[in-house]
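The structure appears below as structure tokens.
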Amino acid sequence: MKPADRCTNIEEVRHAIDAIDEEVIQLLGRRLQYVKEIIKFKEPTEESVVAQKRFDSVIESRRELAYKNGLDQDLIERIYRELLNFFIAEEMKLIRGK
């Protein structure tokens, strides 16, 4: 994939964006696999699954990463809150055996 500033037409840019989106989605799938494994190391309680201190820490660190990468921190926080809440719900399903 060409660097963004070396693309010479819209098709090249779109192709690169599509390839990046595919990577992002594959990485989210990999992340979910780790989320499914982490329940082996947690108490089977909602408090343990939610892990509020960890949740808050992840949000703050992702805001910092957003800043370092020139992204809107509020947007990244919203995205990660949604992702984390989804992953928490998945963990809860696994703990409840559903």
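The values are calculated or read from the model by the stated rules, or taken from the named source; none is laboratory data. A quick note: this is a predicted structure, and the numbers were derived from the prediction, not measured. Neighbour counts run over all protein chains shown; Cβ positions are idealised from the backbone, glycine included.
Which residues, taken from the range 38-61, are of a type in the set (D, E, K, R) and either at pLDDT 95 or above or within 16 Å of the chain's Cα centre (by Cα) (or both)?
Hits for the range 38-61 are Lys53, Arg54, Asp56, Glu60.
Exactly one of (1) among the hydrophobic types (A, V, I, L, M, F, W, C); (2) under 16 Å from Leu32 (Cβ atoms); (3) exposed (fewer than 13 other Cβ atoms within 10 Å of the Cβ) is unmet by Ile95. Its number?
Status for Ile95: all satisfied but (3).
Can you name every residue in the range 43-69 that is within 18 Å of Ile95 (Cα to Cα) and touching an Asp or Glu at 6+ places or on another chain (Cβ under 8 Å)?
The one that is within 18 Å of Ile95 (Cα to Cα) and touching an Asp or Glu at 6+ places or on another chain (Cβ under 8 Å): Val49.
Specify which of the listed residues (Ile38, Ile59) is of a type in the set (Val, Ile, Thr) and either loosely packed, with under 11 Cβ neighbours inside 10 Å or free of Cβ contacts under 8 Å to residues at least 40 places away in the same chain (or both).
Checking each option against the conditions leaves just Ile59.
Going by the structure shown, is Glu91 farther than 23 Å from Lys42 by Cα, among the acidic types (Asp, Glu), without any contact (Cβ under 8 Å) to a residue 60 or more places away in the chain and assigned to a helix (DSSP H, G or I)?
On the way: farther than 23 Å from Lys42 by Cα: no; among the acidic types (Asp, Glu): yes; without any contact (Cβ under 8 Å) to a residue 60 or more places away in the chain: yes; assigned to a helix (DSSP H, G or I): yes.
Spelling it out, it is not the case that Glu91 is farther than 23 Å from Lys42 by Cα, among the acidic types (Asp, Glu), without any contact (Cβ under 8 Å) to a residue 60 or more places away in the chain and assigned to a helix (DSSP H, G or I).
To keep it simple, each residue is scored yes or no on (1) within 30 Å of Arg96 (Cα to Cα); (2) assigned to a helix (DSSP H, G or I).
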| position | (1), (2) |
| --- | --- |
| Thr8 | no, no |
| Ala16 | no, yes |
| Gln26 | yes, yes |
| Glu43 | yes, no |
| Ser57 | yes, yes |
| Leu71 | no, no |
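I'd like the full set of residues that are closer than 15 Å to Phe86 by Cβ and of a type in the set (Gly, Ala, Ser), limited to the range 27-50.
Gly29, the sole residue that qualifies.
Just to be sure I understand, how many residues within the range 74-88 are within 14 Å of the chain's Cα centre (by Cα) and either surrounded by fewer than 15 Cβ atoms within 10 Å (Cβ to Cβ) or outside any helix (DSSP H, G or I) (or both)?
So the answer is 7.
Please work out which one of (1) closer than 20 Å to Val24 by Cβ; (2) of a type in the set (Ser, Thr, Tyr); (3) surrounded by 13 or more Cβ atoms within 10 Å (Cβ to Cβ) is the condition Ser48 fails and give its number.
(1)
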